[in-house]
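Reading through the structure tokens given below for one structure.
The values are calculated or read from the model by the stated rules, or taken from the named source; none is laboratory data. Predicted model only: the values in this text are computed from it and were never measured. Positions of Cβ are generated from backbone atoms using ideal geometry, with glycine treated the same way; all protein chains shown enter the neighbour counts. The protein model used for the area step is the full one, side chains on, heavy atoms only, and it has no ligands, DNA or RNA in it. Shrake-Rupley method; radii C 1.70, N 1.55, O 1.52, S 1.80 Å.
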Amino acid sequence: MHDNSWFCWFNAWDSYNTIEQEWEGEQGVKLYTADFETTTTLDDCRVWAFAICDVDDPDLMIYGTSIEEFFKVCQSLPNCRIYFHNLAFDGSFIMDWMLRNGFIWEDDRFPRYDLGFTTIISDMNQLYSIRVNFGRGHSVTFWDSLKIIPLSIAAEAKAFGLAMGKGELDYSAPREVGHELTDEEKDYIRRDVQIDAQALRITIDSGMNKMTVGACALADYKNMLGGDKGFRHHFPKIDIETDTFIRMAYRGGFTYVNPKYATKEMGQGISYDVNSLYPSVMAACDGEVLPYGTPKWFYGDPKPTKKYPLWIAQIRCSFKIREGMIPCIQLKGNMSFVPTEYVSDSRGVVTITVTSVDWELINNQYDVVVSEWIGGYMFKGSTNLFSAYVDKWVKVKNQATIDRNSGMRTIAKLMLNSLYGKFATQMTVRSRKPVIDNDVLRYVDIESTDRDGVYLPVGCFITAWARRKTITTAQGCGDRFIYSDTDSVKVLGTDRIDGMDVDAVRLGAWKDEGSFIRFKALRAKTYIAEYPDEEGTHLEVHVAGLPARCHSQVTFDNFKLGAEYGGKLYQHRVRGGIVLVEDSFKIKE
């Protein structure tokens with residue numbers, strides 16, 4: 001079924017041909033956003049509605065009621081890139097349909113044959129791109145706007161200060177094949193694609209035109225250094241053996257609940273967050289030294305110098321936590337320990353690979369006995385590697401705040417927080433391809449390949465310095481410390497913590513995020529807090545894996561290990577695509 005806007009689209013085409021040509025001259029393709037609405041029954045999985053929106057003119061819309069019609073529209077469009085917000089879901093319908101209708105998957109960057117398509121799918125089933133060759137040089141590429149703007153559509157509208165908000169729809173209502181879209185249904189799907197189109201236009205105009213926000217941040221940083229050549233002058237390529245060794249020292253953020261208070265309901269307290277923790281480390285707000293240059297191997301124990309102040313080493317040692325200290329060691333790859341838990345006692349000699357920043361913190365928190373220094377790598381160090389980059393985007397963020405420009409403020413925050421992770425990009429690419437297996441779309445492994453890394457040591461030391469800041473701050477809170485999650489500490493009582501650097505705005509300082517009335521943490525990333533507000537109080541729920549739509553069910557009384565809450569949607573792959581089935585979520589004991 002076609003709506004009148006289909007004809008409006010092509011009647012208006014001539015009026016913006018010049019815009020299209022200018023855009024294609026800069027980027028090569030037209031840009032659209034799209035969205036599918038799909039059925040919710042396992043035995044009837046199909047697309048019952050779609051919408052496509054022009055990023056340059058969001059009022060230009062196409063609607064349809066089947067995936068067959070969607071592909072006809074794609075064939076009628078010029079060479080283009082179409083963004084779905086969560087391609088992992090919508091893309092499953094696209095690939096399922098193609099594999100059943102004569103399209104052939106190709107192991108190549110670009111499909112060379114008519115009715116061929118290529119994909120970028122990680123070994124974690126992350127779908128980044130689908131590129132389709134319809135024949136005679138006509139191709140359409142599908143990208144995931146969620147990987148550029150990692151927010152829900154509702155949050156995206158708010159973050160970019162858009163006039164419209166996300167609508168509401170009864171997904172479970174019956175919609176037969178050939179169902180004619182109601183005005184309410186059109187309005188719902190229109191909002192989704194227009195919100196995404198407007199946010200993407202702002203984002204792309206700011207220079208963020210890569211496939212992921214991390215890639216956008218890295219490209220901007222490279223440009224500041226004079227391109228890839230300037231970047232490699234500071235951060236030379238590292239061979240895969242060296243990368244493999246260094247990667248053993250790579251850790252994420254510190255997330256921990258004080259065992260003294262775990263599962264207990266606590267009274268009043270304060271929540272503190274660092275103002276941009278990782279950017280503050282990159283800007284060396286506390287004098288953090290970060291690595292650059294070619295790693296220099298050493299045997300035995302490290303002997304840092306003024307030229308090579310940093311190191312990553314492998315050590316055989318035993319350790320036991322000191323009285324009253326917070327543990328900070330995770331033993332990954334050791335079957336005797338849970339890799340996500342912080343170890344208080346090594347129970348004998350173990351092998352660890354750590355940065356010099358981690359090693360200093362470990363010796364502060366533990367009694368350590370070294371059995372053997374195996375060796376490692378030394379690095380040159382600097383406090384100025386990222387100062388200009390962070391300063392640029394902090395200024396953009398601050399000016400956008402003054403101008404009340406929500407879109408640019410959101411972009412600045414994304415660019416500030418997305419660069420450091422790119423430095424830890426894996427060198428071995430383990431990819432998958434789509435196949436129909438037992439009548440269902442599945443992903444299967446293909447042969448892995450190697451690629452150049454970015455510069456892993458930077459990722460290691462940025463995260464190490466960040467952990468050190470959070471852990472030492474938590475340690476300084478003494479018995480008042482309840483909980484930490486990467487860049488936050490929550491403490492008992494409403495008095496200011498002695499010695500804590502508190503400021504509402506300054507980069508790297510701790511911001512007072514408000515006083516809670518009561519607090520309860522079950523484990524890492526599983527806590528609730530009650531805060532006062534104008535209408536009385538409200539409950540903040542943070543439970544990994546529990547969607548926001550279920551939060552209203554959580555209370556202090558029912559928040560415990562083993563608790564179950566209804567309403568979580570789980571994906572079931574069936575013929576045609578994916579069906580979301582509602583079931584309960586359980587906090588594992």
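In this structure, Arg112 and Met224 have a Cβ-Cβ separation that, at R0 = 60 Å, corresponds to a calculated FRET efficiency of about 0.95. For a straight C-alpha distance cut-off of 20 angstrom, the aspartates and glutamates reachable from Lys490 (same-chain residues fewer than eight places away being disregarded) are Glu265, Asp273, Glu341, Asp479, Asp498, Asp501, Asp503, Asp512, Glu513, Glu530, Asp533, Glu540.
With the cut-off at 22 Å, tell me which of the pairs Lys222/Lys380; Lys147/Lys395; Lys520/Lys586; Lys166/Lys392; Lys30/Lys72; Lys237/Lys380 have Cα atoms farther apart than that. Exceeds cut-off: Lys147/Lys395; Lys166/Lys392. On the beta carbon distance between Arg575 and Asp286, with R0 = 45 Å, the FRET formula returns roughly 0.20. Taken along the Cα-to-beta-carbon direction at a fixed 7 Å, the label points for Val177 and Ile436 span 1.5 nm. In the context of the full set of protein chains, the stretch 345-414 has a per residue accessible area of 47 Å² (1.4 Å probe). Between the Cα long axis of helix 213-224 and the first principal axis of the chain there is an angle of about 70°, rounded to the nearest 10.
Taking the 1.4 Å solvent-accessible surface of the chain as the whole, the part contributed by carbon and sulfur is 48%.
The protection proxy used here, the mean number of other Cβ atoms lying within 10 Å of each residue, ranks peptides 250-257, 500-507, 473-480 as follows, highest first: 250-257, 473-480, 500-507. The stretch between Asn334 and Ile402 holds 19.4 nm of extra length on full extension. This uses 0.36 nm per residue minus the Cα-Cα distance.
Taking a point 7 Å from the Cα of Met248 along the Cα-to-Cβ direction, the residues of the stretch 285-326 with backbone N closer than 12 Å to it are 313-317. Here each label is just a point 7 Å from Cα along the line to Cβ, and for Met211 and Val29 those points are 1.1 nm apart. Projecting the Cα atoms of Gly381, Gly252, Ala284 onto the charge dipole of the chain, computed from C-beta unit charges around the Cα centre, puts Gly381 farthest toward the positive end. A straight chain from Asp44 to Glu323 at 0.36 nm per residue would run longer than the Cα-Cα distance by 94.4 nm.
Where only DSSP H runs of four or more residues are counted, the chain gives -9000 deg cm²/dmol as its mean residue ellipticity at 222 nm, each run worth -39500 (n - 2.57). Charging the Cβ of each Asp and Glu at -1 and of each Lys and Arg at +1, and nothing else, the dipole of the chain about its Cα centre rounds to 2580 debye. Given R₀ = 51 Å, what would the calculated FRET efficiency be for Leu99 paired with Glu513, taking r from the Cβ atoms and rounding to 0.05? Here the calculated transfer efficiency is 0.55. As a size descriptor, the averaged projected area of the C-alpha convex hull of the stretch 41-109 was calculated at 6.0 nm². Between Lys303 and Glu69, the simple spin-label model (points 7 angstrom out along Cα→Cβ) gives 7.7 nm. A value for P(r) over Cα pairs in 20 Å bins from 0, in percent was derived from the coordinates, and within the list [x] 17, 48, 31, 3; [y] 19, 52, 26, 2; [z] 14, 35, 27, 15, 8, 1 it appears as [x]. I want the local charge near Asp358. Using Cβ-Cβ distances under 15 Å, sum +1 for each Lys or Arg and -1 for each Asp or Glu among the other residues. In short, +4.
On a per residue basis, the stretch 36-83 carries 31 Å² of accessible surface, using protein heavy atoms and a 1.4 Å probe.
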